[in-house]
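Chemist: Below is one structure. I have some questions about it.
The values are calculated or read from the model by the stated rules, or taken from the named source; none is laboratory data. In this text the structure is predicted, and so the values were computed from the model without any measurement. Note that each Cβ is placed from the backbone with ideal geometry, even for glycine, and that neighbours are counted across all protein chains shown.
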Amino acid sequence: MKAKIISVGNELLNGKTLNTNLTYLSKQLRKIGIPIESAMCIQDNEKNIHRTLKESNEDLIIFTGGLGPTRDDITKESVCDFFNLKLELHEDTLNTIKQYFARLDREMSESNEKQAYFPKDAIILENKQGTAPGLIVKTDEKTVVLLPGPPHELIPMFHYVADYLKERTNQTLYQSGYLVVGIGESDMETEMKAFYNKHPEVEIAPYADLASIQYIFTSTDADALEKALDQFKKRFNEYIVGPYDEPLEKRIVDTLIARNMTISLAESATGGMVSSTLVNVPDASKVFNESYVLYSNGSKVKQLGINQMIMEKFGAVSDQCVYELAYQLASRTDADITLSISGIAGPGGGSAIKPVGTMYYGLYHEGKTKTYKKVFSGDRNMIRKKATVYGLYLVLKALMHEDNH
């Protein structure tokens, strides 16, 4: 089975909306073992949709977008017209849409009714986040999937599509992998060149984010996969923070809960990003005591009692400052582990000694306080995001007693 992804919407073509759906679907289909032959973005009109379908030779075609209630949302109607599929009102879906509006205490518009029309033999995909259901329809030669455009609606819906596709693929795929933090993609690739050649039976796909890399291992040979994973872990254990599909922050929260420990934070340059990332995890309240966002020098002195002499002699962006922040935070909050961050996010404020992107970290754990320094590249927001991930990386490594710095 080979796939084609067709993203529908003028907002994608004019740059108003980033096509994150393509990235997500590509990764998910690869996990199932379905290669993507092509992907394209087209305007939401019948002529383009028909022409694209006429030129598509793939077994699986996935459309995203164009399922809304407005008159220019015509993906479903155009696809069904191309395959001569008659649309019929699906009463259960119509009632579900009506209930959606009732929960919001809003009256359903007449235009929403068109979202409840489907081909007779289609598999209807419920949309729990909006009003646009998706569908799977099998024609003589192709499987066509229609998904809504908003990612928060598409992603939960695709889980059902993935299950449907897995049942119809003719091979068993084994998959696992690791999340890597603390090393750049280019540095990793230099190290990985020989590694790829040693494991020809295993496909190893890196997916780099701003400050982390997912390495996903896929193979039809379970033993070959296990061997590759084991050798990767031995070689890169310093940078591995967990399974590729488990966020770093979740690993931290789960570890803290398991050990009945708590954490507190003091952030300056990151402005609360570390705290915000942690509380994205359910049950973070069980382990997260409190957080200080201390942006000015005065606030550091006032809130955590940092010695004014430290500020005057070494500055806020220094080992001495983050050391005191982490130490004082631990003494005032009784947290088992504390993290402090201070740095220069830019674009101004840097120097030859401390360029833009310089970040200092203080980490208190098991009665000891250590400091770390890291310099990140990028614009202001990129630097802050990278600094956030690296701070979480330091916390997890301390919890795992794997401090290699």
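Chemist: LYS234: over 27 Å from MET1 (Cβ atoms), loosely packed, with under 13 Cβ neighbours inside 10 Å and in contact with a helix residue (DSSP H, G or I) (Cβ under 8 Å, 6 or more places away or on another chain), yes or no? Walk me through it before giving the result.
Modeler: Numbers: over 27 Å from MET1 (Cβ atoms): yes; loosely packed, with under 13 Cβ neighbours inside 10 Å: yes; in contact with a helix residue (DSSP H, G or I) (Cβ under 8 Å, 6 or more places away or on another chain): no.
Considered against the rule, which asks whether it is over 27 Å from MET1 (Cβ atoms), loosely packed, with under 13 Cβ neighbours inside 10 Å and in contact with a helix residue (DSSP H, G or I) (Cβ under 8 Å, 6 or more places away or on another chain), LYS234 comes out as no.
Chemist: Kindly list, by first and then second residue, each pair from a residue in the range 53-65 that is closer than 12 Å to MET40 by Cβ to a residue that is in a strand (DSSP E or B) and acidic (Asp, Glu), limited to pairs with Cβ atoms under 6 Å and residues at least 6 apart or on different chains.
Modeler: GLU58/GLU37
Chemist: Right, here's the next one. Please count how many residues of the range 136-165 are among the hydrophobic types (A, V, I, L, M, F, W, C) and in a strand (DSSP E or B).
Modeler: To start, the set of residues in the range 136-165 that are among the hydrophobic types (A, V, I, L, M, F, W, C) comprises 136-137, 144-147, 154-155, 157-158, 161-162, 165.
Next, only the ones that are in a strand (DSSP E or B) stay: 136-137, 144-147.
Total satisfying the criteria: 6.
Chemist: Shifting gears a bit: Being assigned by TED's automatic domain parsing to the domain that holds ALA387 and farther than 17 Å from THR371 by Cα narrows it down to one of PHE288, PHE314, so name that one.
Modeler: Details: PHE314 fails: farther than 17 Å from THR371 by Cα.
Only one candidate qualifies: PHE288.
Chemist: What are the residues in the range 245-285 that are among the β-branched types (Val, Ile, Thr) and outside any loop (DSSP other than H, G, I, E, B), if any?
Modeler: Here is the first cut: in the range 245-285, the ones among the β-branched types (Val, Ile, Thr) are 252-253, 255, 257, 262-263, 270, 274, 277, 279, 281.
ILE252, VAL253, THR255, ILE257, ILE263, VAL274, THR277 - these are the residues of the range 245-285 that are among the β-branched types (Val, Ile, Thr) and outside any loop (DSSP other than H, G, I, E, B).
Chemist: Within the range 271-287, how many residues turn out to be within 17 Å of ASP336 (Cβ to Cβ) and in contact with a Ser or Thr (Cβ under 9 Å, 6 or more places away or on another chain)?
Modeler: Number satisfying all stated conditions: 5.
Chemist: Let me ask you something else. Say whether the condition of being free of Cβ contacts under 8 Å to residues at least 60 places away in the same chain and either at positive phi or part of a strand (DSSP E or B) (or both) is met by at least one residue in the range 127-135. Before you say what the answer is, go through the steps one by one.
Modeler: Filtering the range 127-135 down to residues free of Cβ contacts under 8 Å to residues at least 60 places away in the same chain leaves 127-130, 135.
Narrowing the set further to residues that are either at positive phi or part of a strand (DSSP E or B) (or both) leaves 135.
Looking through the range 127-135, at least one residue is free of Cβ contacts under 8 Å to residues at least 60 places away in the same chain and either at positive phi or part of a strand (DSSP E or B) (or both).
Chemist: What single numbered condition from (1) among the β-branched types (Val, Ile, Thr); (2) outside any helix (DSSP H, G or I); (3) closer than 29 Å to ALA208 by Cα fails to hold for ILE306?
Modeler: Against the list (1) among the β-branched types (Val, Ile, Thr); (2) outside any helix (DSSP H, G or I); (3) closer than 29 Å to ALA208 by Cα, ILE306 comes up short only on (3).
Chemist: To continue, here is another question. What do you reckon, is THR371 of a type outside the set (Lys, Arg), farther than 17 Å from MET261 by Cβ, in a helix (DSSP H, G or I) and at pLDDT 95 or above? Talk me through it step by step, then tell me what you get.
Modeler: Values: of a type outside the set (Lys, Arg): yes; farther than 17 Å from MET261 by Cβ: yes; in a helix (DSSP H, G or I): no; at pLDDT 95 or above: yes.
So THR371 does not fit the description; no.
Chemist: So, ALA345, is that one surrounded by 15 or more Cβ atoms within 10 Å (Cβ to Cβ), assigned to a loop (DSSP other than H, G, I, E, B) and modelled with pLDDT of 95 or more or not? Spell out how you get there, then give the answer.
Modeler: On the way: surrounded by 15 or more Cβ atoms within 10 Å (Cβ to Cβ): yes; assigned to a loop (DSSP other than H, G, I, E, B): yes; modelled with pLDDT of 95 or more: yes.
For ALA345, the condition - surrounded by 15 or more Cβ atoms within 10 Å (Cβ to Cβ), assigned to a loop (DSSP other than H, G, I, E, B) and modelled with pLDDT of 95 or more - is met.
Chemist: Every residue in the range 228-273 that is in contact with a Phe, Trp or Tyr (Cβ under 8 Å, 6 or more places away or on another chain) and at positive phi, please.
Modeler: Result: GLY242, GLY271.
Chemist: Then there is this: Identify the residue in the range 1-21 that is charged (D, E, K, R) and touching an Asp or Glu at 6+ places or on another chain (Cβ under 8 Å) and, among all such residues, is nearest to GLU141 (Cα to Cα).
Modeler: Taking the range 1-21 as the starting set, the residues that turn out to be charged (D, E, K, R) are 2, 4, 11, 16.
Still in the list and also touching an Asp or Glu at 6+ places or on another chain (Cβ under 8 Å): 2, 4.
Details: LYS2: 12, LYS4: 14 Å.
Result: LYS2.
Chemist: When the residues of the range 347-405 are filtered to those that are without any contact (Cβ under 8 Å) to a residue 60 or more places away in the chain and on the phi > 0 side of the Ramachandran plot, which remaining residue is nearest to the chain's Cα centre (by Cα)?
Modeler: By that ranking, first place goes to GLY357.
Chemist: Wholly within the range 1-118, which helices (runs of 4 or more DSSP H) include no fewer than the required count, namely at least 2 residues that are surrounded by 15 or more Cβ atoms within 10 Å (Cβ to Cβ) and among the polar types (S, T, N, Q)?
Modeler: Working: elements: 10-13, 20-32, 46-54, 75-82, 91-103.
Helices (runs of 4 or more DSSP H) meeting the threshold: 20-32, 46-54, 75-82, 91-103.
Chemist: Same structure, new question: Exactly one of these conditions fails for PHE314: (1) more than 21 Å from ARG259 (Cα to Cα); (2) in contact with a strand residue (DSSP E or B) (Cβ under 7 Å, 6 or more places away or on another chain); (3) without any contact (Cβ under 8 Å) to a residue 60 or more places away in the chain; (4) aromatic (Phe, Trp, Tyr). Give me its number.
Modeler: Among (1) more than 21 Å from ARG259 (Cα to Cα); (2) in contact with a strand residue (DSSP E or B) (Cβ under 7 Å, 6 or more places away or on another chain); (3) without any contact (Cβ under 8 Å) to a residue 60 or more places away in the chain; (4) aromatic (Phe, Trp, Tyr), the lone unmet condition for PHE314 is (2).
Chemist: Which ones in the range 311-342 are part of a loop (DSSP other than H, G, I, E, B) and polar (S, T, N, Q)?
Modeler: First pass over the range 311-342, keeping only residues part of a loop (DSSP other than H, G, I, E, B): 315-318, 334-336.
Scanning the range 311-342 gives a single hit, SER318.
Chemist: What pairs come out if I take residues in the range 106-122 that are among the hydrophobic types (A, V, I, L, M, F, W, C) and pair them with residues that are in a loop (DSSP other than H, G, I, E, B) and surrounded by 14 or more Cβ atoms within 10 Å (Cβ to Cβ) whose C-beta lies under 6 Å away, six or more apart or interchain?
Modeler: So the pair list comes out as ALA116/HIS90; PHE118/HIS90.
Chemist: Which ones in the range 145-157 are buried (at least 23 other Cβ atoms within 10 Å of the Cβ) and touching a Phe, Trp or Tyr at 6+ places or on another chain (Cβ under 8 Å)?
Modeler: VAL145, LEU146, LEU147, LEU154
Chemist: Can you say whether ILE344 is within 22 Å of ARG251 (Cα to Cα) and within 31 Å of the chain's Cα centre (by Cα), as far as the supplied structure shows? Can you show your working first?
Modeler: On the way: within 22 Å of ARG251 (Cα to Cα): no; within 31 Å of the chain's Cα centre (by Cα): yes.
For ILE344, the condition - within 22 Å of ARG251 (Cα to Cα) and within 31 Å of the chain's Cα centre (by Cα) - is not met.
Chemist: Let me ask something additional. Is it true that ILE32 is among the aliphatic types (A, V, I, L, M) and under 20 Å from PRO148 (Cα atoms)? Step through it out loud before you land on a result.
Modeler: Working: among the aliphatic types (A, V, I, L, M): yes; under 20 Å from PRO148 (Cα atoms): no.
The answer is no for ILE32.
Chemist: Oh, and also: Of everything in the range 118-160, what is aromatic (Phe, Trp, Tyr) and over 19 Å from the mean Cα position of the chain (by Cα)? Give them in sequence order. Spell out how you get there, then give the answer.
Modeler: At the first step, the residues of the range 118-160 found to be aromatic (Phe, Trp, Tyr) are 118, 158, 160.
Result: PHE118, TYR160.
Chemist: Sort through GLU201, GLU238 and tell me the only one that's outside any helix (DSSP H, G or I) and under 23 Å from TYR364 (Cα atoms).
Modeler: Details: GLU201 fails: under 23 Å from TYR364 (Cα atoms).
Within the list GLU201, GLU238, the selection yields GLU238.
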